[in-house]
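The next block holds one structure in the form of structure tokens; read it before the comments.
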Amino acid sequence: MQKLYTDPLTKGMLLLEDWTNKIATSKYNPFYYHGALPQFFLWVLFLTGLLLFAYYIPTIDNAYASEKLINAWTSVDYITNTIPFGAVFRGMHRYAGDAMVLTIVLHVLRVWFTDRYRQYRIVQWLSGVVLLLMVLFIGQTGYYLVWDDRSLILTRMTVSAFDALPLIGGPLKTWFLNGEEITNLTLSNFLFIHIGLSFGLLFGLWIHYVRMQRPVITPPPAINYILVAILLMVVAWMPIASGNMAQLTQQPTSFEIDWFFLWPYWMMANMPLGAYWLVLIVGTVLLCLIPYTAKTPPVEAAEVVLNKCTGCSLCSKDCPYNAIEMVPAPAGSRFKLLATVKEFRCSGCGVCVGACAFDAIDLPNLLDTDVTSQIKALVQN
Amino acid sequence: MADSKQKVVTLICERSCDLDASLDATGHLKEVSEVSVVKFPCSGMIQPLMIEAAMKSGATGVIVTGCQIGDCYFREGNRMIRERLIGDRPPGLKKTVDRKRVIALWLSRPQTGRFISEAKSFVAQLAQLPAPAPALAPATAPAAAKPAAASAKTAEAKKPEKKSESTPESGGANGEGK
């Protein structure tokens, strides 16, 4: 057997979890729901976002400006100051986004440190990188929508960043602004990106989950209540307020940074744009390559013993990775179905062996007959 | 040590508590020599048939050990064997297996000490149970009420069908259902 868990980071993570277990018990250990936590915050964001969407007006200005100004900034102001609990929902929407990034980072670190990101999990890792980029970009568009000073700077910085890209830079800029300059159409495009891409997350999550049987996507209610309570406390302590309304004629120069979402703008401000894109692209590629760095022997996939399989499909139901498919049995078989292993999905964990009452599926490197004779030898010696 | 004739087999996930340093060359625990250890890549691979095989070939007790529930490296293996032992998921453990002689422990990697102390107390409890007639004899009538219950706690001693251990009619004769 290979040496397991020798990495100091892994050991540290396991000790931390052991310590958390002593306080929270394994049933409520948040580390055991690390993937479900961002998913929970996603639902919070959808619900609060729905309420904000009901009153949000995606324009930068409007023809009746003199009388009673109606635009993105004033609609956000209306949500915050007039609608009952509007400020609470706005605050929850902001901080749930931050919490989502935080829990995604926790999720990434845990799967990395506990070695759960390679081989048969490659689809999860790669789709996870894409999902992370999507979440960061969606979060940034959220900051444009408020349409205060900061939104204006961020928009202009993004435009100049796109401008720095060769070939695709121009079209990207036009797409981003929905035209050649900032207009009402720009904000409606931002709103579309913000919401449309959020629904795109659901598609990404489907790919993220598709190779897993029964993915854990909901933390236990107790954890959910605690998370919402923490969220509300943060909202109460640090209420969200907009800056001044953006004026296209002005050139604001500094803004407050939200380190969960806006760190790319800090990079933009502190390095040449070419270097910024290089860091971003190389960083993403490296992130995608992480699973390929560890050298481990390939998984030896489970093998079905064809003449023993009765087609009962217990292994197929129990396989944690959806790696066993029941196919029609060949003609002449006594049974209707036959289990087949999709080797590229198989983790070699042996859960299917435990599920089989007919010894009809085996790990090639650890036959269950060998295990049984090992048990007998140990008992009888 | 070795005072009794207890022979306990541990079926353990290799990612659960770290026993590498606690085993002697023959696969027995150094501190509790009655307990031998068989490692699996995942506790989900453990077949109830294996537990029955161990009992049939003379083991007086079986300890099933997986990682903390919720922390299976392969996502669900420990839940699977847990549900199989309880009887919630086929294939289950035969009724002929004396439930007092099977416990399950869910332990994380650093909990080696916990495993050894649980193993010790399990061996002690087995010694108090009425001697098992060799090879799966009919269980004895006066159900020894007190023993196993103690080790429950968080580690969850597994005895779903508490008192009513079965009185099998067929004794050891029933093979492995094949």
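Rule-based calculations on the coordinates, nothing more; no lab input. Computed from a prediction, not measured in an experiment: that's the story for all the values here. Quick reminder, even Gly has a Cβ in these numbers, built from the backbone with ideal geometry, and neighbours come from all protein chains shown.
Which of (1) more than 8 Å from every other protein chain (Cβ to nearest Cβ); (2) surrounded by fewer than 24 Cβ atoms within 10 Å (Cβ to Cβ); (3) of a type in the set (Gly, Ala, Ser) is the odd one out, the single condition B:Gly58 does not satisfy?
(1)
Considering only region B:109-120, how many residues are surrounded by fewer than 22 Cβ atoms within 10 Å (Cβ to Cβ) and not in a helix (DSSP H, G or I)?
Going through region B:109-120 one residue at a time, the tally reaches 1.
Taking the options B:Ser16, B:Ser36, name whichever one is in contact (Cβ under 8 Å) with a residue 24 or more places away in the chain, hydroxyl-bearing (Ser, Thr, Tyr) and either within 18 Å of A:Gly354 (Cα to Cα) or not in a strand (DSSP E or B) (or both).
When all the criteria are applied, what remains is B:Ser16.
Filter region A:332-381 for residues that are of a type in the set (S, T, N, Q) and touching a residue at least 40 places away in the same chain (Cβ under 8 Å); which is farthest from the other protein chains (Cβ to nearest Cβ)?
Within region A:332-381, the match that is farthest from the other protein chains (Cβ to nearest Cβ) is A:Asn365.
Which of the residues that make up region A:255-275 are exposed (fewer than 11 other Cβ atoms within 10 Å of the Cβ) and touching a residue at least 40 places away in the same chain (Cβ under 8 Å)?
Passing the criteria: only A:Glu256.
Just give me the residues in region A:229-285 being assigned to a helix (DSSP H, G or I) and aromatic (Phe, Trp, Tyr), in sequence order.
The answer is A:Trp237, A:Trp263, A:Tyr265, A:Trp266, A:Tyr276, A:Trp277.
Considering every residue within region A:30-50, establish whether at least one is away from chain B (no Cβ under 14 Å), crowded, with 19+ Cβ neighbours inside 10 Å and of a type in the set (S, T, N, Q).
Yes, because at least one residue in region A:30-50 is away from chain B (no Cβ under 14 Å), crowded, with 19+ Cβ neighbours inside 10 Å and of a type in the set (S, T, N, Q).
Determine which single condition B:Val9 fails, assuming it passes every other condition in (1) in contact (Cβ under 8 Å) with a residue 12 or more places away in the chain; (2) facing chain A (nearest Cβ under 8 Å); (3) part of a loop (DSSP other than H, G, I, E, B).
Result: B:Val9 passes all but (3).
Among the residues that make up region A:114-122, is at least one of them buried (at least 18 other Cβ atoms within 10 Å of the Cβ) and either touching a His at 6+ places or on another chain (Cβ under 6 Å) or more than 14 Å from chain B (Cβ to nearest Cβ) (or both)?
Checked against the condition, which is being buried (at least 18 other Cβ atoms within 10 Å of the Cβ) and either touching a His at 6+ places or on another chain (Cβ under 6 Å) or more than 14 Å from chain B (Cβ to nearest Cβ) (or both), region A:114-122 yields no hits at all.
Return the residue satisfying two criteria in turn: it lies in region B:18-34 and is more than 10 Å from every other protein chain (Cβ to nearest Cβ) and not charged (D, E, K, R), and of such residues it is surrounded by the most Cβ atoms within 10 Å (Cβ to Cβ).
It comes out as B:Val32.
Tell me which of these B:Thr96 doesn't satisfy, since it passes every other one: (1) facing chain A (nearest Cβ under 8 Å); (2) touching a residue at least 12 places away in the same chain (Cβ under 8 Å).
(1)
So, A:Thr296, is that one free of Cβ contacts under 8 Å to residues at least 12 places away in the same chain, surrounded by fewer than 14 Cβ atoms within 10 Å (Cβ to Cβ) and within 14 Å of chain B (Cβ to nearest Cβ) or not?
It is false that A:Thr296 is free of Cβ contacts under 8 Å to residues at least 12 places away in the same chain, surrounded by fewer than 14 Cβ atoms within 10 Å (Cβ to Cβ) and within 14 Å of chain B (Cβ to nearest Cβ).
Can you name the number of the only condition in (1) closer than 30 Å to A:Pro30 by Cβ; (2) at the interface with chain A (Cβ under 10 Å from one of its Cβ atoms); (3) crowded, with 24+ Cβ neighbours inside 10 Å; (4) in contact (Cβ under 8 Å) with a residue 12 or more places away in the chain that B:Ile69 fails?
(3)
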